[in-house]
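See structure below.
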Amino acid sequence: MRHKDRSLTATVLIAQLLIILPSKADCPDSFVSETRWSTTSPEWSSGVAFVIANFSLSNDAGGDADFSSLSMSETIQAWVPPPPGADPYLNEIYNFDVGDLYFKTAPAGATYTDGATISWDLAFDVSGAPVTYPRKISLNPEEGSVFGQFSYTMLSATFYCSEGEPFYAEITEAEAGLGEIVLTASAVEGSATITSYDAVCEDSAGNTVNGSSANTSVTVTDLDAGEDYTCVVTATNSVGTSAPSDSTGTLTPTSGGLPIWLLHEASAP
């Protein structure tokens, strides 16, 4: 649907924001040093399935921090500690294994000089953590040397939590064609299968045009040729809707030539 009236556009955007804002569940808001780094109060709500953390630290090792031979999951050790005062022989830490970690970014495959900033953006699947344990994540970054751990200073950390709705929505490809824009989207599905990807493309005047698809290819049609647009996508499952992706760069539909789908068909062997 086209929205040429600015007041209508504002109303639609507000409605969209009400739908696509991340979960309102309680979520950690920082890391604190406790001989290792751990999330602080508030603890995540009981309905939270994934804790998503974006954090950066500085390499204080006095030399290189070498992750060049490591996979993403090998760059960090993370766990949920047992309850305070519990018998450690009867209550082991709950380790996050490879299947519990979803990485958007990590320093795998790179080497960082002394003083360099090293960043992670990853989600922890906390749905399997024992219900009697603190809702707290502890972690140690690990590099590829014989010692593994290295000296560092935590610089920043941000968090949000998912109750099972998709997360890490992103646009992996974007192409403008004859009065349309074709977007290729992706997301981590969360706790249920993704049922739709929804796109919003906005022109320079703030007018929006929407598109939706049950698969990862979303075509937004009825666009003005020669007009500049930027687009975002969200992913939806039976639990809810993800936060929006980062916006695309400027995309400008054309007024002539063949539609994108026909160009692809004509170029296929």
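Specify the inter-centroid distance of the stretch 231-257 and the stretch 86-131, based on alpha-carbon positions, in whole Å.
One Cα centre to the other: 30 Å.
In whole Hz, what ³J(HN,Hα) sequence does the stretch 167-180 give by Karplus (6.51, -1.76, 1.60; θ = phi - 60°), x for Gly and Pro?
Listing the rounded values in order: 8, 6, 5, 8, 9, 8, 8, 8, 9, 8, x, 6, x, 8 Hz.
Could you go through the stretch 114-121 in sequence order and give the Karplus-derived ³J(HN,Hα) for each residue, using 6.51 cos²θ - 1.76 cosθ + 1.60 with θ = phi - 60°, rounded to whole Hz, and x for Gly and Pro?
4, x, 6, 8, 10, 10, 10, 9
How far, in degrees from 0 to 90, does helix 6-20 lean away from the longest principal axis of the Cα atoms of the chain, to the nearest 10?
30 degrees
Taking K and R as +1 and D and E as -1, what net charge do the other residues with C-beta under 14 Å from the C-beta of Gln77 add up to?
So the environment of Gln77 carries a net charge of -4.
Give the shape of the stretch 31-162 as rounded, prolate or oblate, defined through the alpha-carbon gyration tensor: a ≥ b ≥ c are the square roots of its eigenvalues, a/c under 1.5 means rounded, and otherwise the shape is prolate if a/b is larger than b/c and oblate if not.
Because a/c hits 1.5 or more and a/b exceeds b/c, the stretch 31-162 counts as prolate.
Between Ala25 and residues 5 or more places away or on another chain, which pairs have amide H atoms under 5 Å apart, with H built 1.01 Å from N, and which residues are they?
Residues meeting the amide H criterion: none.
Readers should treat all values here as calculations from the given coordinates under stated rules, not as data from a laboratory. A quick note: this is a predicted structure, and the numbers were derived from the prediction, not measured. Don't worry about glycine lacking a Cβ; one is built from the backbone with ideal geometry, like all the others, and counts go over all protein chains shown.
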